[in-house]
Structures are given as C-alpha cells and as structure tokens.
Amino acid sequence: MTSTPETAIALEQPTMTRTTTLLTNLNTILARISAASSTFPTTSTSTTRRHRPANKPVRLVAVSKLKPASDVLALYSRSLPVDESSTPSATTTTTTTPSATQQLHFGENYFQELLEKSRILPRGIKWHFIGGLQSNKCVSLARDVRGLWAVESVDTEKKAKLLDKGWGERDISALSEEERTQKLRVFVQVNTSGEEAKSGVEPVATPALCRYIREQCPRLKLQGLMTIGAIARSKESTNENADFVSLIETREAIIKALGMSEQEADDFELSMGMSSDFEGAIALGSDQVRVGTTIFGERPVKAGANANAGATSA
C-alpha cells in the first residue's frame, strides 16, 4: 500500500505580535514547570508519587489543535518576522528572540489537521497524536504523518496492531537512517475517572493491553500511560488528584505484572496534567504535561479543522 499523496498547502507566516504573545505564554509555562519540578521530591515514601529520576526533565507537549500552523512555526522557530507589515515567504530572514530551549513537541487531536500540518511544517517537529483514536485512521496515522513521535490514545489491541502495521508501511526512502530503525512510541490511555464519555481502557484491564503491545507489536515502543483527569478534580485545590493517583497505581501494577527491570520502570512514563492541573501532576511525578489553551489561547469551535484555520483566533 502506498502513502496518501501530499496536498500542496501554503504555510502562512506568524506575525510579530502573535509570535511575541506565544513566546511570552510559552516562557511563562516553562517557568511554572521548572518551579513545580524543583519542589518535586525525587525520593519519597509515598505510594501516590511516581519517583521520577532527578535528571529527567518534564516534557512539555504544546497542544496546537485548531490553531494555525503559523502558531506552531512561531514556537518551533522562536523567532520574529523582520517586518510585520510585509508578507514574508517561507525563506524570509528572521531575527532570533532570546528565550529558552526550542519547543519541539506539539500535540494534535484530529488526524486530518495533524496530517496537513506535518506536511508543511519543519521536519524537526515531534508530533504527538492525543485525540480519540479511530481504527480506520490508525494505519494512515502511523504511515503518513511526518515526524510522528508518539500516539498517546491507544486503548485496544486492534488499534495497537493497526498502528504497528502502518509504521511498517512507511516510505523508507523518505526517512533518515535513524527514522528507519526507530519504533513508534505509544501511550496506553487509561480512563481513570470512570466517565463513560471518555476514551481509555479501565485500569484493571491495562496490564493485559500493555503486555500485548510489548509482545505482539514489534514496531511499537510502550512509552507509558496517559490519562485525562475529570474536570471537577482538576479544579480542586489539592494536588492529590484521584485520577492521577489512579494512574500512578496502575503504572505500578503494570511494572509488577510485566516484570520490568529497574531501568524499564524508570523509562515507563506518565503523561498527565493539562492547562488547569499540570503543576499538581508534576508534584505527583508526571513525566509529561500537555498544555494548550494557556499557551495558544481559547480555541475556535471545530468545523472542518484546517492547518491554517483560526489564524486570528486566540
């Protein structure tokens, strides 16, 4: 099977005003992550904390769903257009804005939007698919999205197997040597809140799915577990979010059930925490947080998501 033919979509450039806003927001989030990480105990007797290795920084995934590709470009490039009144091309000279490390990881919820963005944005971007995963999109998602770094919403054996199949169908002639040998990272999504409207496997069934991925999907790497906390719990003043505690306990059960080594356990990650609760998630040992609205602003209502749509919305 061949990959879907690419569609030519022009990449709009970010304005100076928008870029400044985005970089300011991003730097604020990075500072908050750093502060939360510095107070996190790397050793603890509490069973409700994931003892994240001291030398392992928290990964920030900037969730850019329903935001234009130009927003992603602004954060990835960390630069300002020379003249906001001009209409710069993709090769326009830019002036570097002093700021922290380049933002590499971006998250998307919708397959078509992610596919379009991956085709027009720089190859160095590391894409995370974090939305509801449809079986009929799994093969194309793994095969056709350029720079796909992780799929975070795996909740069935069927979807895992289809992702494994799609990863094996990539056009290797378009890949670097490193990309050819790299496995696709996957997180198993766990429904820790028990809400029927949410995707995810029940905590008790998670070890079996993780075992299946490790033993039956040779092209996939089991990166960790992901959860979306209940809104009410995310807004509580306590850091002991019950959904996050449940994910930590599920992780411990999987480590034991699969007989993971100490190194494998250290590498087995937790992806939990979003705009309203990421500091509490870090306090409990989250390896990765997914922040969108606090960086990009409020999102427009989804209506045929397009890579360049919503350029003025935020």
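Go over the candidates Glu6, Glu12 one by one and state the one that is modelled with pLDDT of 90 or more and acidic (Asp, Glu).
Details: Glu6 fails: modelled with pLDDT of 90 or more.
Going through Glu6, Glu12 in turn, the sole match is Glu12.
Lys256 - would you say it is more than 19 Å from Ile130 (Cα to Cα) and either in a helix (DSSP H, G or I) or within 19 Å of the chain's Cα centre (by Cα) (or both)? So Lys256 passes the test. Among the residues of segment 115-134, write down those that are surrounded by 22 or more Cβ atoms within 10 Å (Cβ to Cβ) and part of a strand (DSSP E or B). Result: Trp127, His128, Phe129. Comparison of Leu121, Leu104 shows that the only residue that is free of Cβ contacts under 8 Å to residues at least 60 places away in the same chain and either in contact with a Pro (Cβ under 8 Å, 6 or more places away or on another chain) or on the phi < 0 side of the Ramachandran plot (or both) is Leu104.
Yes/no per residue for (1) under 26 Å from Asn109 (Cα atoms); (2) modelled with pLDDT of 60 or more; (3) not small (Gly, Ala, Ser):
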position	(1), (2), (3)
Thr21	yes, yes, yes
Thr39	no, yes, yes
Asp71	yes, yes, yes
Tyr76	yes, yes, yes
Glu84	no, no, yes
Pro88	no, no, yes
Thr91	no, no, yes
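One residue alone among Leu270, Leu247 is assigned to a strand (DSSP E or B) and either surrounded by 21 or more Cβ atoms within 10 Å (Cβ to Cβ) or over 21 Å from the mean Cα position of the chain (by Cα) (or both), and that residue is Leu270.
This table checks each residue for (1) in contact with an Asp or Glu (Cβ under 8 Å, 6 or more places away or on another chain); (2) at pLDDT below 95; (3) farther than 21 Å from Glu269 by Cβ; (4) not in a strand (DSSP E or B).
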| residue | (1), (2), (3), (4) |
| --- | --- |
| Cys138 | no, no, yes, yes |
| Arg143 | yes, no, yes, yes |
| Glu152 | no, no, no, no |
| Asp164 | no, no, no, yes |
| Trp167 | no, no, no, yes |
| Arg185 | no, no, no, no |
| Ser199 | yes, yes, no, yes |
| Val204 | no, no, no, yes |
| Pro207 | no, no, no, yes |
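Taking segment 219-242 as the range and being in contact with a helix residue (DSSP H, G or I) (Cβ under 7 Å, 6 or more places away or on another chain), at pLDDT 95 or above and either outside any loop (DSSP other than H, G, I, E, B) or of a type in the set (Asp, Glu) (or both) as the test, the residues that pass are Leu220, Leu222, Leu225. Among the residues making up segment 282-297, those that are within 17 Å of Gln103 (Cα to Cα) and not in a loop (DSSP other than H, G, I, E, B) are Gln288, Val289, Arg290, Val291, Thr293, Thr294, Ile295, Phe296.
The values are calculated or read from the model by the stated rules, or taken from the named source; none is laboratory data. Model, not experiment: these values are computed from the prediction. All Cβ positions, even for glycine, are placed from backbone atoms using ideal geometry, and neighbour counts span all protein chains on display.
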